[in-house]
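Everything on this sheet refers to the single structure shown next.
The values are calculated or read from the model by the stated rules, or taken from the named source; none is laboratory data. Quantities reported herein were computed from a predicted structural model and do not represent experimental measurements. Neighbour counts are summed over all protein chains in view; Cβ atoms, including those assigned to glycine, are modelled from backbone coordinates with ideal geometry. The accessibility values were calculated without ligands, DNA or RNA, using every heavy atom of the protein model including side chains. Shrake-Rupley method; radii C 1.70, N 1.55, O 1.52, S 1.80 Å.
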Amino acid sequence: MTTATSVFVSEPGERDVLEVREHDVPAPGRGEVQVELAAAGVNFIDVYKRQGIYPVPTPFVLGEEGAGTVVAVGADVSGLAVGDRVAWCQAPASMSTITNKPADKVVPVPDGVDLEVAAAAMLQGLTAHYLVTSTYAVREGEVALVHAAAGGVGQLLVQLITQRGASVVATAGTDEKLDIARALGAHHLINYSTFSSSDDLAAAVRSAAGRGVDVAYDGVGKATFDASLASLRPRGMMVLFGGASGQVPPFDIQRLNAGGSLFLTRPSLGHYVADRDELEWRAREVLGAIADGSLAIDIGGRYPLTEAAAAYAALEGRQTTGKLILVPSA
Ligand code: NDP
């Protein structure tokens, strides 16, 4: 038994339900490794779980993503040893200084990739990877719409899409955020806070792209969904992958017909790291691209674990760019 400090959600609610406290952690069980945390990633899925949009019995330790060093190995674990550097993105209860993780959910962090960078890259990096390789395989010459392009997933989408020879229409809420998207290679920049109607925003996207876009990557949700749909070419793909501005309400499916035989999908990372091979493949590609310098990770904020609520206030308040991480002590 060892002692950990963790971020708990005491009951569904806003940030005041977060509690940081010490508790005992048992030795790792069968198929588990115990990891000393280097950093945990701050994500919107944590917000959805804290609010009860994705129900989780309370109290629970927050966090899906992190990286650290193996300090103990349970029974029936092969290929992992004390001292190994590992990362994960689909393993609940990550905001904990000492945490037991299923061995099949952690991946090795290659030499040359800092553990804080790995923690920052896993969930958003594997998400951007599956969105551009599998949900819609972006091809050379195509045009993609990316909302919140200076955000965590947004910055990675811009890089992965332009590396595939496609162009990006990037949106963001401020001109400073658009500068970040431009520096990463986005071709067309739109400050969507200057538009009051979805039709006007869609017209601006179409005008920038010169036509309807092939694919719309929309993690903003409620505020942008209508404009995204109206920005697509006939038979274009609407990828609604989140709801930073709120969840999209039910809609009339005939709108897909009226828009030109459109496709709509609402993907989740879990379904795209469905088995060990797929997790390893995506992690190898993302962490490998970081190691060889072809994928940039922007850590936009680093908070002590004890100040988790401040990190979420910044994320939920649109104050951030790139990725926020929590560290055991800053
Ligand atoms: P971001 O860093 O992109 O932060 C969210 C951004 O959304 C804000 O910075 C802001 O950018 C924009 N935004 C617009 N309206 C609002 C609003 N009302 N409240 C808050 N933010 C708003 O976050 P992430 O990269 O972590 O996540 C982006 C989206 O991707 C989220 O919806 C998340 O749930 C989703 N996601 C989905 C996954 C999946 O597999 N389906 C996996 C990972 C993330 P601006 O100021 O430029 O408008």
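Need one number for segment 121-168: average projected area of the convex hull over its C-alpha atoms, nm². Each step should come with its number before you reach the end.
Details: hull surface 11.3 nm².
With the hull built on Cα positions only, its mean projection is 2.8 nm².
Report the extension gain between ASP104 and THR58 in nm, rounded to one decimal, defined as 0.36 nm multiplied by the number of residues separating them, less their alpha carbon distance. Present the calculation step by step, with values, prior to reporting the outcome.
Numbers: separation 46, 0.36 × 46 = 16.56 nm, distance 2.53 nm.
Gain in length upon complete extension: 14.0 nm.
Please give, to one decimal in nm, the separation of the simple spin-label points placed at ASP199 and ARG139, each 7 Å out from Cα toward the Cβ.
Placing both labels 7 Å along Cα→Cβ, they lie 3.3 nm apart.
How tilted is helix 115-130 with respect to the longest principal axis of the chain? Cα atoms for both, answer in degrees (0 to 90, nearest 10).
40 degrees
Rg over Rh of segment 29-69, using C-alpha atoms and the Kirkwood radius, what does it come to?
That ratio equals 1.04.
Could you grab the relative contact order for the chain? Cα pairs under 8 Å, six or more apart, rounded to a whole percent.
16 percent
Roughly how compact is segment 160-291, stated as its Cα Rg over 2.2 N^0.38 Å to two decimals?
For segment 160-291, the normalised Cα radius of gyration comes out at 1.13.
Return the carbon/sulfur percentage of the accessible area of the chain, one whole number, probe 1.4 Å, all protein chains in place.
Answer for the chain is 50 percent, counting heavy atoms of protein chains only.
Does anything in segment 214-251 have its amide N under 14 Å from the 7 Å Cα→Cβ label point of SER261, and if so which residues?
Of the residues in segment 214-251, 233-237 have backbone N under 14 Å from the label point off SER261.
Give, in nm to one decimal, the length gained when the segment between THR174 and GLN254 is fully stretched (0.36 nm per residue of separation minus the Cα-Cα distance).
25.4 nm
Tell me, what is the 1.4 Å probe accessible area of THR171, in Å² to the nearest 10?
Only protein atoms counted, so the area is about 0 Å².
So, R0 is 41 Å and r is the distance between the beta-carbons of GLN247 and SER329; what FRET efficiency does that work out to, to 0.05?
FRET efficiency, GLN247 to SER329: 0.70.
Would you mind pulling out the separation of the Cα centroids of segment 79-131 and segment 153-176, in Å?
Taking the Cα centre of segment 153-176 as reference, the centre of segment 79-131 is 25 Å away.
Quick one: net charge of VAL42's neighbours, Cβ under 9 Å, K/R +1, D/E -1?
Values: positive: LYS323; negative: ASP46, GLU65.
Result for the local shell: -1.
How about segment 27-129: which GluC sites (Glu not before Pro) there are in a DSSP loop, with at most 13 other Cβ atoms within 10 Å of their Cβ?
Passing sites in segment 27-129 do not exist.
Run down the lysines and flag those whose C-alpha is under 26 Å from the C-alpha of LYS222, throwing out any fewer than 8 positions away in its chain.
Correct list for LYS222: LYS49, LYS177, LYS323.
Multiply the residue separation of ARG284 and ALA75 by 0.36 nm, subtract the distance between their alpha-carbon atoms, and state the gained length in nm to one decimal.
Full-extension gain reported as 72.7 nm.
Heavy-atom accessible area per residue, segment 87-155, 1.4 Å probe: how many Å²?
Here the per-residue accessible area is 27 Å².
Using a probe radius of 1.4 Å on heavy atoms only, what accessible surface per residue do you get for segment 258-330? Whole Å² is fine.
Averaged over the residues of segment 258-330, the accessible area is 49 Å².
Add +1 for every Lys or Arg and -1 for every Asp or Glu among the other residues with Cβ under 14 Å from the Cβ of ALA204, and state the total.
Net charge in that neighbourhood comes out at -1.
I want to check the label-to-label distance for ASP292 and ASP24. Put each point 7 Å from Cα in the C-beta direction and report it in nm to one decimal.
The answer from the label model is 4.9 nm.
Just how large is the dipole of the chain about the Cα centre, in debye to the nearest 20, putting +1 at every Lys and Arg Cβ and -1 at every Asp and Glu Cβ?
800 debye
Rounded to the nearest 20 Debye, what is the dipole magnitude of segment 187-330 about its Cα centre when Lys and Arg each give +1 and Asp and Glu each give -1 at the C-beta? Please report the intermediate quantities before stating the final value.
Details: 13 positive and 15 negative charges, 50 e Å.
Computed about the Cα centre, the dipole is about 240 debye.
For the chain, go through all pairs of different Cα atoms, get the mean of 1/r, take its inverse, and jot down that Kirkwood value in Å. Walk me through the numbers before you get to the answer.
On the way: mean 1/r = 0.0494 Å⁻¹.
Computed over Cα pairs of the chain, the Kirkwood hydrodynamic radius comes out at 20.2 Å.
Classify segment 182-224 as rounded, prolate or oblate from the Cα gyration tensor: take a ≥ b ≥ c as the square roots of its eigenvalues, call it rounded if a/c is under 1.5, otherwise prolate when a/b beats b/c and oblate if not.
rounded
Around VAL109, what is the net charge, scoring Lys/Arg as +1 and Asp/Glu as -1 over all other residues with Cβ under 10 Å from its Cβ?
With Lys, Arg at +1 and Asp, Glu at -1, the neighbours total -2.
Show that you can apply the helix-only estimate: for the chain, add -39,500 (n - 2.57) for every DSSP H stretch of four or more residues, divide by all residues, and state [θ] at 222 nm to the nearest 500. Don't jump to the answer; show the numbers that get you there.
Working: 10 runs with 97 residues, N = 330.
Using -39500 (n - 2.57) per qualifying helix, the result is -8500 deg cm²/dmol.
By a straight-distance test (C-alpha under 13 Å), which aspartates and glutamates pair with LYS101 as possible cross-link partners, with residues fewer than eight away in the same chain excluded?
GLU32, GLU36, GLU64, GLU65
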